[in-house]
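Trainee: Dropping the structure in here first, questions after.
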Amino acid sequence: MVEIKKNSATFLAHAGRDPQNQYGFVNVPVVHGSTVIFPDLETFDNKAQKYSYAREGNPTSDALQDVITQMEGGAVTRITPSGLQAACLALMSVASSGKTVLLADCVYEPTRHFANRVLKCMGVTPVYFDPRIGAGISALIDETVCAIYLETPGSVTFELQDLPAIADARGGRDIPILIDNSWASPIFHQPLSLGADIVVHTGSKYFGGHSDLVIGTLTANEKWADSIVSTHHLFGSASSPDDMFLTLRGLKTLRMRMERHSSSALQLAEWLVGQDGVKEVIHPALPSHPDHALFQKYFTGSGSTFAFELEPASRLAVGRMLDMMEIFSIGVSFGGFESLILSPRPGNVRTAVPYGREGNLIRVHVGSEDVADLREDLAEGLKRYNRARN
Ligand SMILES: *Cc1c(COP(=O)(O)O)cnc(C)c1O
């Protein structure tokens, strides 16, 4: 028996399909449909049929859920129309009125807005903590805390959170840990095995992999499986079968794409260190990163995105750099084949830890282009920045 790892290229080439049940065709079909027909009253009354209505699932969603569940080592997965909704439903699954949710200060900004607007309306208090708090989170944990939400690393500033230490700090309390695993993907990071309970992903990024769809996933361990299933059901969350099919297609090449993203991004990060105008390169796989030890311990590879801080200059200088890039395009996403660049200003939203950087921050997503071309594009961009700042 060949032992196949659940995040291996071999697994991904074969998972989520059953040719013998599909007239021999290799891929799972795209099931377009709402209504499901029952043969007789007895089948209907006894719920004796696998599918009853498309919102609750169909063969396409089942296939996708199965692959994600296995890759994350979870008990159940649900598909959502966006990654943001996966994050929101994860929070809705565990939040209760009068309680507190602890969130890492670096969480994806729209997740933060959801917590600040919707959770607050429900009487749930969001409390933001230093992403590098580690075991120190125990000082924030009391009987009011109903969940801890992490994103490691933060998608703009790349702070890692010490997931096992945070899991231990719960001291046996029934507090689920929710985590956005979008950066590393299950190829390089398995949070459920490190103490997390619910994992969320934007499938719009690496899973789809081609910048042509918006989708999300949430996966829970056995203990929290019913919570996410019932919340997903209560909200009537349903996703497009075409997008689910494209996501399944994307997953076939997830490992090879991740390996390419990871290696190209790291090569560029290493090259950027010490370049004129670059103050600091912020990439967890660089030994200079403050959380590098955690990265080495808990990740087997890195994502396609990283950041670097430029020497201080006006936004005009940043515009000179970004507006004339030839290969990198300005865009907020990541995970596609095309490289992206942006200059975020995270200082505007953080509350737990002052952001503190004075230089302009640049975040890149390194796509599948040739590294030498990307390097040249960045080198020319830096020259424009330096000319404009001097
Ligand atoms: C993009 C993103 C999301 C949201 O995903 P959508 O599919 O765009 O809704 C959530 N978390 C992280 C880290 C992201 O980068």
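The values are calculated or read from the model by the stated rules, or taken from the named source; none is laboratory data. In this text the structure is predicted, and so the values were computed from the model without any measurement. Positions of Cβ are generated from backbone atoms using ideal geometry, with glycine treated the same way; all protein chains shown enter the neighbour counts. The accessibility values were calculated without ligands, DNA or RNA, using every heavy atom of the protein model including side chains. Shrake-Rupley method; radii C 1.70, N 1.55, O 1.52, S 1.80 Å.
Trainee: Which of the residues belonging to the stretch 188-223 are in a helix (DSSP H, G or I) and in contact with a Phe, Trp or Tyr (Cβ under 8 Å, 6 or more places away or on another chain)?
Mentor: First, the residues of the stretch 188-223 that are in a helix (DSSP H, G or I): 188, 191-194, 222-223.
Across the stretch 188-223, the qualifying residues are PHE188, LEU194.
Trainee: Now, a different point. Pairs only if they're at least six apart or on different chains, beta carbon under 9 angstrom, first in the stretch 34-50 and open to solvent by 100 Å² or more (accessible area, probe 1.4 Å), second of a type in the set (Asp, Glu); list them, first residue then second.
Mentor: Listed by first residue and then by second, the contacts come to LYS50/ASP62.
Trainee: Name the pairs whose Cβ atoms lie under 6 Å apart, with the first residue in the stretch 310-328 and of a type in the set (Phe, Trp, Tyr), the second surrounded by fewer than 20 Cβ atoms within 10 Å (Cβ to Cβ), and 6 or more positions between them or separate chains?
Mentor: PHE328/ASP377
Trainee: Still on this model: If a residue must be open to solvent by 10 Å² or more (accessible area, probe 1.4 Å) and within 12 Å of the ligand (Cβ to nearest atom), how many such residues does the stretch 196-219 contain?
Mentor: Total meeting the criteria: 6.
Trainee: Considering each of PHE308, PHE334 in turn, give the residue that is at negative phi and within 16 Å of the ligand (Cβ to nearest atom). Spell out how you get there, then give the answer.
Mentor: Numbers: PHE308 fails: within 16 Å of the ligand (Cβ to nearest atom).
Result: PHE334 is the single residue among PHE308, PHE334 that is at negative phi and within 16 Å of the ligand (Cβ to nearest atom).
Trainee: Let me ask another. Hey, can you tell me all the residues within the stretch 156-178 that are of a type in the set (Asp, Glu) and surrounded by fewer than 24 Cβ atoms within 10 Å (Cβ to Cβ)?
Mentor: Within the stretch 156-178, GLU159, ASP168, ASP174 meet the criteria.
Trainee: Looking at this structure, is ALA225 touching an Asp or Glu at 6+ places or on another chain (Cβ under 9 Å) and not β-branched (Val, Ile, Thr)? Give the steps one after another, and end with the answer.
Mentor: Working: touching an Asp or Glu at 6+ places or on another chain (Cβ under 9 Å): no; not β-branched (Val, Ile, Thr): yes.
Answer is no for this residue.
Trainee: Still on this model: Give the residue that is nearest to GLY303 (Cα to Cα), with candidates limited to residues of the stretch 98-155 that are open to solvent by less than 30 Å² (accessible area, probe 1.4 Å) and charged (D, E, K, R).
Mentor: GLU151
Trainee: Considering each of ASP197, ASP226 in turn, give the residue that is at pLDDT 95 or above, more than 18 Å from the chain's Cα centre (by Cα) and not hydrophobic (A, V, I, L, M, F, W, C).
Mentor: ASP226
Trainee: All but one of (1) within 23 Å of HIS292 (Cα to Cα); (2) at pLDDT 95 or above hold for SER155; which doesn't?
Mentor: Of the numbered conditions (1) within 23 Å of HIS292 (Cα to Cα); (2) at pLDDT 95 or above, the odd one out for SER155 is (2).
Per-residue answers, yes or no, for (1) part of a loop (DSSP other than H, G, I, E, B); (2) surrounded by 20 or more Cβ atoms within 10 Å (Cβ to Cβ); (3) without any contact (Cβ under 8 Å) to a residue 12 or more places away in the chain:
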{"residue": "SER239", "(1), (2), (3)": "yes, yes, no"}
{"residue": "ASP242", "(1), (2), (3)": "no, no, no"}
{"residue": "LEU246", "(1), (2), (3)": "no, yes, no"}
{"residue": "GLU259", "(1), (2), (3)": "no, no, no"}
{"residue": "SER264", "(1), (2), (3)": "no, yes, no"}
{"residue": "ALA269", "(1), (2), (3)": "no, yes, no"}
{"residue": "GLN275", "(1), (2), (3)": "yes, no, no"}
{"residue": "LYS279", "(1), (2), (3)": "no, no, no"}
{"residue": "SER288", "(1), (2), (3)": "yes, no, no"}
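Trainee: Hey, another quick one. Out of the stretch 165-211, which residues are of a type in the set (D, E, K, R) and more than 22 Å from LYS297 (Cβ to Cβ)?
Mentor: We begin by selecting, within the stretch 165-211, every residue of a type in the set (D, E, K, R); these are 168, 170, 173-174, 180, 197, 205.
Of everything in the stretch 165-211, those that are of a type in the set (D, E, K, R) and more than 22 Å from LYS297 (Cβ to Cβ) turn out to be ARG173, ASP174, LYS205.
Trainee: Starting from the stretch 91-118, keep only residues that are at positive phi, then list their pairs with residues that are among the hydrophobic types (A, V, I, L, M, F, W, C) and modelled with pLDDT of 95 or more whose Cβ atoms are within a distance under 8 Å, requiring at least 6 positions of separation or different chains.
Mentor: Here the result reads GLY98/VAL124, each pair linking the stretch 91-118 to a residue that is among the hydrophobic types (A, V, I, L, M, F, W, C) and modelled with pLDDT of 95 or more.
Trainee: For the stretch 149-198, which positions are aliphatic (A, V, I, L, M) and without any contact (Cβ under 8 Å) to a residue 60 or more places away in the chain?
Mentor: Once the filter is applied, which keeps residues that are aliphatic (A, V, I, L, M) and without any contact (Cβ under 8 Å) to a residue 60 or more places away in the chain, the stretch 149-198 yields LEU150, ALA165, ILE166, ALA167, ALA169, ILE175, ILE177, ILE179, ALA196.
Trainee: Sticking with this one: Among the aromatic types (Phe, Trp, Tyr), in a strand (DSSP E or B) and crowded, with 18+ Cβ neighbours inside 10 Å: is that true of PHE306 in this structure?
Mentor: Yes: the conditions hold for PHE306.
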